[in-house]
């Protein structure tokens, strides 16, 4: 009796194994949906829109202005798909941001602001500056290769105590970004400080602020071998405070970026209270309208 029972069980096991093998062999390959984008791929190819252009092509496309304005954009993380909190801007909207900015403004580096302020660099178009805060790993894995391909400048503000921890860039990665030069030999990416540990400057003792400014600057410079000229205030706290500005100047900073919303003109640039526009995870068309209409007044 037991022998017959074992034979039946063995037969069933062989039968199940046969069906499992045949079903695996004939199962269709999984299909994947195309990523959702905010433009019609057949009508507007982002690669063509973002191709490297000659000065003549740029001049022919970006509107000339007698009253040029400058807007600095503050990003944090770039993600695949509209997930997470407002800091997470998805890749497809980010690419659309780049198309919008290239079509309507000249994208410049933060290092160009002093020249515009002094009058050495003349603007005859609106200009935009791209910055990223914190040092999320996406700036190396996603943003760095994308901006290299499109030859677009950016500044990355780093929280030094976070470097090399889970989810953040390493020092080697930051050095690669800082060292990169385009085909013309131009430096595209600058690294700035966003403090040691991202504490609000209005919540820590005043005597700790010089340490936040100096030690973070020295840490970055020693690791990447390039000067750190700009500081981004954590949460924008302390904007306009004289003691912070004087300390920053004495340490060799060229400017401080705040979180105050606004645009600049060449005559209103305040290098130690640079305003910014916070890029949330809104649809690209909504943010484009806010930038172009509300900030630039176009």
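The values are calculated or read from the model by the stated rules, or taken from the named source; none is laboratory data. Bear in mind that the values here come from a model prediction, so they are computed numbers and not experimental data. Ideal geometry is used to build each Cβ from the backbone, glycine not excepted, and the neighbour counts take in all protein chains shown.
Within the stretch 253-276, how many residues are within 17 Å of the chain's Cα centre (by Cα) and surrounded by fewer than 19 Cβ atoms within 10 Å (Cβ to Cβ)? Within the stretch 253-276, residues that are within 17 Å of the chain's Cα centre (by Cα) and surrounded by fewer than 19 Cβ atoms within 10 Å (Cβ to Cβ) number 1.
Taken over the stretch 95-122, the criterion of being surrounded by 18 or more Cβ atoms within 10 Å (Cβ to Cβ), touching a helix residue (DSSP H, G or I) at 6+ places or on another chain (Cβ under 9 Å) and within 19 Å of residue 271 (Cα to Cα) is satisfied by 107, 108.
Looking across the stretch 131-142, the residues that are outside any helix (DSSP H, G or I), closer than 30 Å to residue 266 by Cβ and in contact with a helix residue (DSSP H, G or I) (Cβ under 8 Å, 6 or more places away or on another chain) come down to 131, 132, 134. Considering only residues of the stretch 234-250 that are in contact with a helix residue (DSSP H, G or I) (Cβ under 8 Å, 6 or more places away or on another chain) and under 23 Å from residue 129 (Cα atoms), which is modelled with the lowest pLDDT? Ranking the qualifying residues of the stretch 234-250, first place goes to 238. For the structure I just gave you, tell me whether residue 256 is part of a strand (DSSP E or B), without any contact (Cβ under 8 Å) to a residue 60 or more places away in the chain and within 19 Å of residue 71 (Cα to Cα). Judged against the criteria, residue 256 is a match.
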